[in-house]
1. Out of segment 24-52, which residues are closer than 13 Å to residue 85 by Cβ, open to solvent by 30 Å² or more (accessible area, probe 1.4 Å) and either among the basic types (Lys, Arg) or in contact with a Ser or Thr (Cβ under 7 Å, 6 or more places away or on another chain) (or both)?
2. Got a number for residues in segment 120-138 being closer than 16 Å to residue 159 by Cβ and within 13 Å of the chain's Cα centre (by Cα)?
3. Identify, by number, the condition in (1) among the aliphatic types (A, V, I, L, M); (2) surrounded by fewer than 19 Cβ atoms within 10 Å (Cβ to Cβ); (3) touching a Leu at 6+ places or on another chain (Cβ under 8 Å) that residue 108 doesn't meet.
4. Is it true that residue 276 is surrounded by 14 or more Cβ atoms within 10 Å (Cβ to Cβ), touching a strand residue (DSSP E or B) at 6+ places or on another chain (Cβ under 7 Å) and assigned to a helix (DSSP H, G or I)?
5. How about segment 243-253: which of its residues are open to solvent by less than 80 Å² (accessible area, probe 1.4 Å) and either touching a helix residue (DSSP H, G or I) at 6+ places or on another chain (Cβ under 6 Å) or free of Cβ contacts under 8 Å to residues at least 12 places away in the same chain (or both)?
6. For residues that are within 18 Å of residue 274 (Cβ to Cβ) and assigned to a loop (DSSP other than H, G, I, E, B), tally how many sit in segment 52-74.
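The values are calculated or read from the model by the stated rules, or taken from the named source; none is laboratory data. All values reported here derive from a predicted model rather than from experimental measurement. Cβ placement follows ideal geometry from the backbone for every residue including glycine, while neighbour counts extend to all protein chains displayed. These area figures cover heavy atoms from the full protein model, side chains too; ligands, DNA and RNA do not enter into them. Shrake-Rupley method; radii C 1.70, N 1.55, O 1.52, S 1.80 Å.
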Amino acid sequence: MQAIEAFIEKQGGPEVIDWRDVTLGAPDTGQVLVRQTAVGLNYIDTYHRDGTYPIKLPGGLGVEAAGEVVAVGAHVHGLQPGDRVATFGPQLGAYASARIVLDDETAAAALLKACTVEALVERCARVEAGWPVLVHAAAGGVGLILVQWLKAIGATVIGTVSTDAKADAAREAGADHVIRYRQEDVAAHVREITDGQGVPVTFDGIGMATWEVSLNATARRGLIVSYGNAGGPVTGVNLGVLAQHGSQFVTRPTLFDYYLDPGERAAGADRVFEMIESGAVKVTVGQRYGL
């Protein structure tokens with residue numbers, strides 16, 4: 001489908017807005033192609049344009065629009081061609097005659113977990129390409145997104161899981177190595193994979209049940225990101241233990257400390273939807289229930 005859209009290559013006044021013709025292909029999994037009939041103009045658009053809220057450049061503008069569904073991708077439920085719809089972000093690009101957007105289910109299933117991953121990987125641990133990284137519960141809701149995100153930025157992912165089915169899910173998400181923690185010594189296996197060094201970063205959403213494993217699998221001066229309590233909260237920690245394991249670091253982050261102000265929230269959400277729209281991160285809707 002042919003469309004026209006606004007874009008900016010630098011930030012500034014209205015004069016930086018330019019227009020281009022684009023060809024929109026068929027919507028991918030979890031996406032919807034919308035022919036837009038009206039676009040909302042909002043003050044936040046000026047923040048994106050002038051840099052008050054930083055955006056990736058070159059980029060589109062506008063968060064609010066209404067129109068008609070032209071086509072839907074796989075696993076989109078509740079929408080079909082001909083439906084009238086409206087959207088209000090958080091992705092940009094509403095200044096356009098047509099565009100591809102995410103369906104509500106994908107957005108609802110992704111936003112909290114994917115924003116958590118964005119904050120953990122890119123702002124908390126600041127993982128770099130080439131690093132080996134340990135992900136506990138690699139087939140969980142956050143875990144599957146963590147695995148995909150880390151692979152997309154070039155990390156080597158070591159995931160722990162409990163069952164064969166979860167091992168398959170972690171591998172499908174891109175895990176390079178999968179360890180069945182009930183059958184194997186996780187720390188020993190991690191050390192073997194990393195030539196005895198351990199990983200520079202461990203993402204631990206389990207908590208107390210994997211605390212010792214995380215200590216033993218993480219490298220000297222490495223970082224343990226303890227972000228969950230599925231196996232109980234980590235309590236009573238003697239800081240000397242970190243010295244004994246090689247001057248390690250540990251942090252207990254929460255999402256909202258990394259999405260504290262509007263600029264951080266806008267930048268994080270933009271990054272999340274960029275990863276989803278590019279196909280680097282695919283969102284799984286495991287089950288559906290009536291309210």
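1. 35
2. 2
3. Here residue 108 clears every test but (3).
4. Spelling it out, residue 276 is indeed surrounded by 14 or more Cβ atoms within 10 Å (Cβ to Cβ), touching a strand residue (DSSP E or B) at 6+ places or on another chain (Cβ under 7 Å) and assigned to a helix (DSSP H, G or I).
5. Residues satisfying the conditions are 243, 245, 248, 253.
6. Result for segment 52-74: 11.
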